[in-house]
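Working notes, beginning with the structure itself.
Here, each number is a calculation from the coordinates, and none is a lab measurement. Only a predicted model underlies this, so the values are computations on that prediction, with no experimental measurement involved. Reconstructed Cβ throughout: ideal geometry from the backbone, glycine too, with neighbour counts over all protein chains shown.
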Amino acid sequence: MSKLHRISRRHALWLGLGGLAGMTAIALGQHQANHQNYGLEDPTRDFSVMGQQSLGDRARAKGLFYGAALSPEQLSSDADFVRALLRECTMLVPENAMKWNRLAQEFDDYRFEPADALVAFARRHGLGIRGHTLIWHRSLPPAFAERVTSQTAEQAMQRHIRRVARHYAGALHSWDVVNEAVEPSHDRTDGLRVSPWLEYLGPDYIELAFHLAAEADPQARLVYNDYNLDYDTPVDEARRRAVLRLLERLRSRNVPVHALGIQAHLDGDEQHRLNPTQLRHFLREVANLGLKIIITELDVTDRRLPADIARRDRLVASAYEDYLSVVLDEPAVIGVLTWGLSDRYTWLTEFKPRRDRRAVRPLPLDVALQPKLAWNAIARAFDHAPSRS
Ligand code: XIL
C-alpha cells in the first residue's frame, strides 16, 4: 500500500473517531440507561421577565456579552433574521466560515470573502466578533490528508495560522485557537485526542498553535475550546480533568492562552445531571489558573423531550436558566454565545433530529423569530447575574 493511501485511511479513521460521532454515541448510551427522565419538569415554574431590553442589552448591563453563531448566507439572504441578530446580539461568531476547510481547499489558496463579510458586518454595526477556529481535526482541508506528513505538518500549521490570523489581526475579540484537542476515551495518559496533529507533531502542537496565533494577532484573546464539560457524568468528569491538566501545562510553560471556551451543547433530557457544586468548582479551578471563561456554543437539544411544544419549551428553558445561573455566578465568565439565534437555523436539525421528525426547538427564538421561553430563561439569567463592572 502506498504511503499516501495509508495516510488517507488513517485520517479517515481519526475523523471517524472525532467529537461529534463520539458525542452522539455517548449520548445514546446514557439515554438507554435513563429513559425519559423529565424529573425536573415543573409546570408552575416562573419564566417571567421584566422590561423590554434585548439579551445583548441585559448582558451588557452586567459587563458581559451575548451573541450567536451565524453564516454569511444568512446575512445576505434573510433581512428579518439580520434584524433579530442586530436587536439581540453584541457579539457574533462564524458558525463555519472561518474553518480551514471553508477558507481553503488547497494550500495557499484562501478565499476570505464570505468570512470577511461577517467581520465587516460586525464592524459596521459596532458588534464584537470571535474567530472560530484555527486548529480543529474536523476542519482540515482535503489537501491536508493528501499531502501533509510528519515532516511538513509544522510548516502547514505555521502557514495556515499566520495567513488567517494575520488577515484578521486587530479585528477579532478572540480566537478559538485549538478546538477539541482532548478525548479521554483515546486512552492516553495526557487525555489528548489522537489526531493527525498529535500523530505528526506530538502533544506540543497545541502550544505551537498558541504561540503562532499570539505572534500573528497580538490583540486577540486566545482561547482553548472544548465540549462535554458540563454534566456530572464519568465522561464529562474525565474531560474536565484532562482539560484542566492541559491548561495547567500550557500556563506553566507560559503559553499565551487567555481563556477556556466551554461549548455547552446541553441536552434537555440530561439536565438532572447538572451538578452546580461540581460545575462551580471546575470553573473556579480554571479561573485560578488566571484564565477567563467564555460559553461559546450554547444550545439545548430537545431530541428526547416530549412532543408537546409547551412542555418541550419549558424543559429547554429550564436547562438554559439552570445552567446559566451557575456559570454566570463565576466572575471569570465574560460572555455567552448561543450556537445560532433562531430555530430557523440550527445545526441540531441535522445533527440531533427528533425520532418523531418534528422540528427541533433548541434556540432562544422560534422559526418565526419570536422569543420563546428559552429567551426568557437567558434574559433572567443575565438579569440575576452579578455585575462584572
Ligand atoms: C458545526 C456546525 O454547526 C455545522 O454546521 C457543521 O456542519 C459542523 O460543525 N463544535 C464546534 C463547532 O466547535 O464548530 C461545530 O459546528 C459544533 C460542535
Tell me yes or no: at least one residue of region 334-352 is within 16 Å of the ligand (Cβ to nearest atom), within 22 Å of Arg130 (Cα to Cα), part of a helix (DSSP H, G or I) and in contact with a strand residue (DSSP E or B) (Cβ under 7 Å, 6 or more places away or on another chain). yes
Going residue by residue through region 76-90, is there one that turns out to be under 21 Å from Ala259 (Cβ atoms) and either buried (at least 24 other Cβ atoms within 10 Å of the Cβ) or in contact (Cβ under 8 Å) with a residue 12 or more places away in the chain (or both)? yes
Any residue at all in region 252-267 that's more than 16 Å from the ligand (Cβ to nearest atom) and outside any loop (DSSP other than H, G, I, E, B)? yes
Of all residues being farther than 17 Å from Arg166 by Cβ and touching a strand residue (DSSP E or B) at 6+ places or on another chain (Cβ under 7 Å) in region 96-129, which is nearest to the ligand (Cβ to nearest atom)? Just the residue, please. Lys99
With respect to the numbered conditions (1) surrounded by fewer than 22 Cβ atoms within 10 Å (Cβ to Cβ); (2) small (Gly, Ala, Ser); (3) within 23 Å of Ala69 (Cβ to Cβ), which one is the sole condition not fulfilled by Ala165? (1)
Would you call Ile206 more than 30 Å from Arg312 (Cα to Cα) and within 21 Å of the chain's Cα centre (by Cα)? yes
How many residues, within region 264-293, are hydroxyl-bearing (Ser, Thr, Tyr) and either within 20 Å of the chain's Cα centre (by Cα) or more than 15 Å from Glu330 (Cα to Cα) (or both)? 0
Qualifying positions in region 108-135 - in a strand (DSSP E or B) and surrounded by 22 or more Cβ atoms within 10 Å (Cβ to Cβ): Ile129, Gly131, His132, Thr133, Leu134, Ile135
Check off (1) away from the ligand (no atom under 16 Å from the Cβ); (2) over 17 Å from Tyr200 (Cα atoms) for Ala143 and give me the number that stays unchecked. (2)
